[in-house]
Amino acid sequence: MVNTICLAAAAALGRSAVASAAHSPAPWLMGRNITYPSISNSSGILPCDALKNAGLGDRLLFATDPQYEPQIETWYSENSRLRPYCLVLPQNTEEVSTALMALVNANDGAGDWHIAVRSGGHGYAGSNNIVNGVTIDLAMMNSTSYDQEANLAKIQPGGRWKDIYAELDKHGVTVTGGRDGDVGVGGFLLGGGNSFFSGRMGFGCDSVVNYEVVLANGTIVNANNTTNSDLWRALKGGGSNFGIVTRFDMEALPSRELYYELRYLSANYSDTVVDMVADFTNQDQSFADNALITFYAHNTSVSPDVYIGLIHVNTQGDANAKTAFDKVKDVPALFNESLSQSMAKAAAGSQVPGSTNNIGTTLTFRNNAELLRRAVELNSEWVEKLKQTINPDKLVTFFFFQPLPSYMAQVSRQRGGNMLGLDSVPYNAILWSCGAGVDPSEGEAAFAVAQAETLAFTAQIKELTKSLGGDMDFIYLNYADGSQDPLGNYGAANIQHIRDVAAAYDPTGVFQSRIPGGFKISRVA
């Protein structure tokens, strides 16, 4: 039961240098002319043969290989399990560079095929995989090390947070990383990264002090606050617009036992929960060591009715911390357990089962108890509409409230700033998200209904926020559906910074056109 609760709650879970760089390409931006010997055992697939010619033949998986389908099944959702011409699984940064150059230069880019890049495979369908093309799968680049002298965790993009925490735990440290242990590193950090430690440390990206990046022409660079600092800042929430990050160097924190409280409540107590969420969100920075996840879920394997799940974490291990969460402690619980455990154990117990066809969306709005109450009512209507078409036993839904206090923007600024655009928001907010998972046995038509109803539901929530004066532009990239526009809501200055940095470091637009997955700055109006 503990794992069930954890799984549910973790589910949703200044450009000073750029001007000169944009107009004066550095030598490392120039293309590198490299030729490879031809081979005789052609696959008949041009980009895959280009990888063979580049010496990466033993890193390839084709649909005819027995390991191909098991690797495809490592993508989280069923609708993300696309089947490319071939997968290439590089094992180090140099091989990423070689693979990228070979693909970009194959037949001078002719043909209707493209490239995808995958870290953990938890993004929306099509963001990290492809049908007509080749996927660069970073799953083999999953090592983690700790530099004690520099107090840095050096993390490769293919790692999963449960493994990263377990390795760092051996050294007595942890990082501001993901809560679901199965989530990968790359997408989480490039999109921001909401963490149990975010109240104190900001988003995960705010703890990245250096990125190792393979640029579109194969050059390997580092980006930090002194070298390529414009790129360093742009990567903090700027997504997949600049290069392939092959290592994240993150500031480490002392590892200690978390206080971790898990509760299931009947939806009959929703008013009490909503008031608690609003009060918790309004707490000042002295409560920053406390984190809260609140969700409403339909899952008949747990309950025949919509139920409420709550997770309260104190990152300092204080079981007696007095917070607004105390308001629900007297409410009768369907299930309740409190425990002390490391971040490594918490993440290992919080791995959401995949293999369903999934859609998820997100919005952000001002913290307002009445708005939250109305949103809960709309959630009930959404679930009932889905159940009219989809077998309730084959359907899972989640609806999340997560506090987004205004002081998090200040924390981010103090740590070098990011692209998320929360700096100008003077009020406390709610990070809202919803998601539906449909068993593949229900068929594509049922999932199409889930998609349509979920997007309509999101539009209803947006209209509700406007009607109550709670509307906000911010859309959190890591929770967004492909139909949404998170980059376009980062604010004019940050949008321009991302544009300038993308043009400076990828002047031929490889990451805009040849690698189309994810949110692209070229598509922002």
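The values are calculated or read from the model by the stated rules, or taken from the named source; none is laboratory data. None of these values were measured; they are calculated from a predicted model. As a convention, Cβ positions derive from the backbone with ideal geometry for all residues, glycine included, and neighbour counts pool all protein chains shown. These area figures cover heavy atoms from the full protein model, side chains too; ligands, DNA and RNA do not enter into them. Shrake-Rupley method; radii C 1.70, N 1.55, O 1.52, S 1.80 Å.
Restricted to the range 129-155, and to residues that are in contact with a strand residue (DSSP E or B) (Cβ under 6 Å, 6 or more places away or on another chain) and closer than 16 Å to residue 208 by Cα, which residue is surrounded by the fewest Cβ atoms within 10 Å (Cβ to Cβ)?
Across the range 129-155, the extreme among qualifying residues is 145.
I'd like the full set of residues that are surrounded by 20 or more Cβ atoms within 10 Å (Cβ to Cβ) and touching a strand residue (DSSP E or B) at 6+ places or on another chain (Cβ under 7 Å), limited to the range 55-76.
Those that are surrounded by 20 or more Cβ atoms within 10 Å (Cβ to Cβ) and touching a strand residue (DSSP E or B) at 6+ places or on another chain (Cβ under 7 Å): 56, 59, 60, 61.
In the range 482-516, how many residues are more than 27 Å from residue 113 (Cα to Cα) and aromatic (Phe, Trp, Tyr)?
Counting residues in the range 482-516 that are more than 27 Å from residue 113 (Cα to Cα) and aromatic (Phe, Trp, Tyr) gives 1.
Any chance the range 241-252 includes a residue that's under 30 Å from residue 321 (Cα atoms), open to solvent by 10 Å² or more (accessible area, probe 1.4 Å) and at pLDDT 95 or above?
Yes, that holds for at least one residue.
For residue 459, state whether it is open to solvent by 10 Å² or more (accessible area, probe 1.4 Å) and either more than 23 Å from the chain's Cα centre (by Cα) or among the hydroxyl-bearing types (Ser, Thr, Tyr) (or both).
no
Is the range 117-128 home to any residue that is part of a helix (DSSP H, G or I), buried (at least 17 other Cβ atoms within 10 Å of the Cβ) and polar (S, T, N, Q)?
No; the residues of the range 117-128 include none that is part of a helix (DSSP H, G or I), buried (at least 17 other Cβ atoms within 10 Å of the Cβ) and polar (S, T, N, Q).
Can you go through 417, 354, 317 and tell me which one is in contact with a strand residue (DSSP E or B) (Cβ under 9 Å, 6 or more places away or on another chain), over 26 Å from residue 73 (Cβ atoms) and in a loop (DSSP other than H, G, I, E, B)?
After ruling out the rest, the residue left standing is 317.
For residue 212, all conditions in the list (1) open to solvent by 10 Å² or more (accessible area, probe 1.4 Å); (2) closer than 24 Å to residue 164 by Cβ; (3) out of contact with any Leu (no Cβ under 9 Å at 6 or more places or on another chain); (4) assigned to a helix (DSSP H, G or I) hold save one; what is the number of the exception?
Tallying (1) open to solvent by 10 Å² or more (accessible area, probe 1.4 Å); (2) closer than 24 Å to residue 164 by Cβ; (3) out of contact with any Leu (no Cβ under 9 Å at 6 or more places or on another chain); (4) assigned to a helix (DSSP H, G or I), residue 212 fails exactly one: (4).
Please go through the range 231-289 and pick out each residue that is under 17 Å from the mean Cα position of the chain (by Cα) and of a type in the set (S, T, N, Q).
Scanning the range 231-289 gives 240, 241, 246.
One line per residue, one yes/no per condition, for (1) open to solvent by 30 Å² or more (accessible area, probe 1.4 Å); (2) part of a loop (DSSP other than H, G, I, E, B); (3) closer than 20 Å to residue 204 by Cα:
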{"site": "230", "(1), (2), (3)": "no, no, yes"}
{"site": "238", "(1), (2), (3)": "no, yes, yes"}
{"site": "280", "(1), (2), (3)": "no, no, no"}
{"site": "295", "(1), (2), (3)": "no, no, no"}
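Tell me, please, whether a residue that is surrounded by fewer than 19 Cβ atoms within 10 Å (Cβ to Cβ), among the aromatic types (Phe, Trp, Tyr) and more than 22 Å from the chain's Cα centre (by Cα) can be found in the range 411-431.
yes
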